[in-house]
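Notes to accompany the following structure.
The values are calculated or read from the model by the stated rules, or taken from the named source; none is laboratory data. In this text, all values refer to a predicted model and were calculated from it rather than measured experimentally. Counting neighbours? That spans all protein chains shown, and the Cβs are built from the backbone with ideal geometry, glycine included.
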Ligand SMILES: Nc1ncnc2c1ncn2[C@@H]1O[C@H](COP(=O)(O)OP(=O)(O)OP(=O)(O)O)[C@@H](O)[C@H]1O
Ligand SMILES: [Mg+2]
């Protein structure tokens, strides 16, 4: 279980998170929605410790993440970055198998390569992509390689920052199914950020909406349509008129 | 703004940066000694930093040795002491010009490319990605580069010294009518081991400075292409100045009477 308690973060004068309270249960798929620039990416980077929050507490299974052994903690996580963040000096398969080629999860090279190719297949990429370099791929292909890297070591907790952005509708469907499958079949905990409402409905058990630095609303996906919150309604229906200002 | 305040702020900023760099260098050394190690990265950097710098260093010392021979001949002629050319060229190259000029050239080549590479990785979140993949960027990126530069610089400078002395020799026999055999004997006779070794120790220090500055400025790169550009410039400038300062200090330590 991941718990964020009153987490705040500012960059210089700019207050991004103003006391986030969020709980993600083990084996649950949480989807975070919210306007562009509201701090969704910052929120998950805080959980991973890539960004240090100014105040508040983050607990993993009841233990403060800042006091835990970093390596053991990170070994449980997988992360898909919004921009892919592929290592451009390494070919695709070594990106995917990065964790399997060094450190505690090290496997023989041929085996690691085989796993990488299998993960690439799961995100809809053919084996011949394996030996290309990230710069030779399209944006959507890079995103899927990032996804394959996030799931390669089969972590228990996976963060997906906009997994379907930049993908065609069919590929988006494949990825939605994959994320759902990872949660239901492998029992992983997933936190997904997305702007795509059909993704939300396909992936989420629970939904949380971030607005003005706080969790505006959170609840099961089935209650999202009847939340009674004008902010949530405006967001899920994509209306220009409403309490959320269009200029941010 | 009050000009005095601006000056004070600038000074404080510089002091803060010096502190950060010192801490960073210390951290690098501490990671150097603790596993995990990444030998493949290290081998890769040996080639990128050491082997590929050889032409630059060789050409630099070759021409410098030649020019030095001409100057010392001209200066020596004023005291009818032209025969000192071979030994002074050798001593000058081995003690000072070899390590310093090679260091500055490598600073331009290596510090810049390290800062640009790591800075780009930082800006595109690749450094964050490394962390989430349980790989410490200090160990994976910084240590192999710093170690490779520190170990290969003495080798580069050793080869550079030989090429520089050869530059002096070529000018000596072709332009200054030295006897080839005499030039060689004079070079070897007056050059002491410590002349060369002190230069190689300097070189190791300069290699450490170059790679550390490249990594430090890359890791602290600002956002976007502009941030990377600034990091690259700062890496080269700070590496060059630190090399010259360190050269003075080491010379003082080694040769002060
Ligand atoms: N490293 C940083 N330094 C300074 N400001 C930052 C940094 N990272 C994020 N911000 C700021 O924090 C705010 C939230 O950024 P974040 O990336 O979390 O937005 P987001 O909700 O993920 O938006 P999007 O949906 O567009 O990805 C933005 O205004 C951004 O400018
Ligand atoms: Mg984002």
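Structure summary
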{"item": "Set B:11, B:17: member being in a helix (DSSP H, G or I), surrounded by 14 or more Cβ atoms within 10 Å (Cβ to Cβ) and modelled with pLDDT under 95", "result": "B:17"}
{"item": "Entirely in region B:99-177, the helices (runs of 4 or more DSSP H) that have 2 or more residues that are closer than 30 Å to residue A:44 by Cα", "result": "B:112-123, B:126-132"}
{"item": "Flag for residue A:84 being crowded, with 20+ Cβ neighbours inside 10 Å and modelled with pLDDT of 95 or more", "result": "no"}
{"item": "Answer from B:66, B:76 - the residue that is modelled with pLDDT of 95 or more, farther than 24 Å from residue B:201 by Cβ and touching a helix residue (DSSP H, G or I) at 6+ places or on another chain (Cβ under 7 Å)", "result": "B:66"}
{"item": "Residue check, residue A:4 surrounded by 15 or more Cβ atoms within 10 Å (Cβ to Cβ), more than 9 Å from every other protein chain (Cβ to nearest Cβ), away from ligand 2 (no atom under 16 Å from the Cβ) and part of a strand (DSSP E or B)", "result": "yes"}
{"item": "Subset of region A:76-92 that is outside any strand (DSSP E or B) and within 12 Å of residue B:130 (Cα to Cα) - its residue that is farthest from the other protein chains (Cβ to nearest Cβ)", "result": "A:86"}
{"item": "Any hit, region A:100-113, residues being surrounded by 13 or more Cβ atoms within 10 Å (Cβ to Cβ), facing chain B (nearest Cβ under 10 Å) and within 16 Å of ligand 2 (Cβ to nearest atom)", "result": "no"}
{"item": "Residue B:159 vs. criteria closer than 18 Å to residue B:105 by Cβ and surrounded by fewer than 18 Cβ atoms within 10 Å (Cβ to Cβ)", "result": "yes"}
{"item": "Subset of region A:24-38 that is within 12 Å of ligand 2 (Cβ to nearest atom) and either part of a strand (DSSP E or B) or surrounded by 24 or more Cβ atoms within 10 Å (Cβ to Cβ) (or both) - its residue that is nearest to the other protein chains (Cβ to nearest Cβ)", "result": "A:32"}
{"item": "Lone qualifier among B:235, B:231, B:203, B:211 - being at pLDDT 95 or above, part of a helix (DSSP H, G or I), within 16 Å of ligand 1 (Cβ to nearest atom) and within 16 Å of residue B:107 (Cα to Cα)", "result": "B:231"}
{"item": "Within region A:176-205, tally of residues that are closer than 30 Å to residue A:245 by Cα, away from ligand 1 (no atom under 16 Å from the Cβ) and over 14 Å from the mean Cα position of the chain (by Cα)", "result": "4"}
{"item": "Test: residue in region B:76-87 that is surrounded by fewer than 22 Cβ atoms within 10 Å (Cβ to Cβ), at positive phi and either in contact (Cβ under 8 Å) with a residue 60 or more places away in the chain or not in a helix (DSSP H, G or I) (or both)", "result": "yes"}
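Quick grid of which residues meet (1) within 11 Å of ligand 1 (Cβ to nearest atom); (2) more than 28 Å from residue A:233 (Cβ to Cβ):
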{"residue": "A:1", "(1), (2)": "no, yes"}
{"residue": "A:8", "(1), (2)": "no, no"}
{"residue": "A:29", "(1), (2)": "no, no"}
{"residue": "A:33", "(1), (2)": "yes, no"}
{"residue": "A:38", "(1), (2)": "yes, no"}
{"residue": "A:43", "(1), (2)": "yes, no"}
{"residue": "A:111", "(1), (2)": "no, yes"}
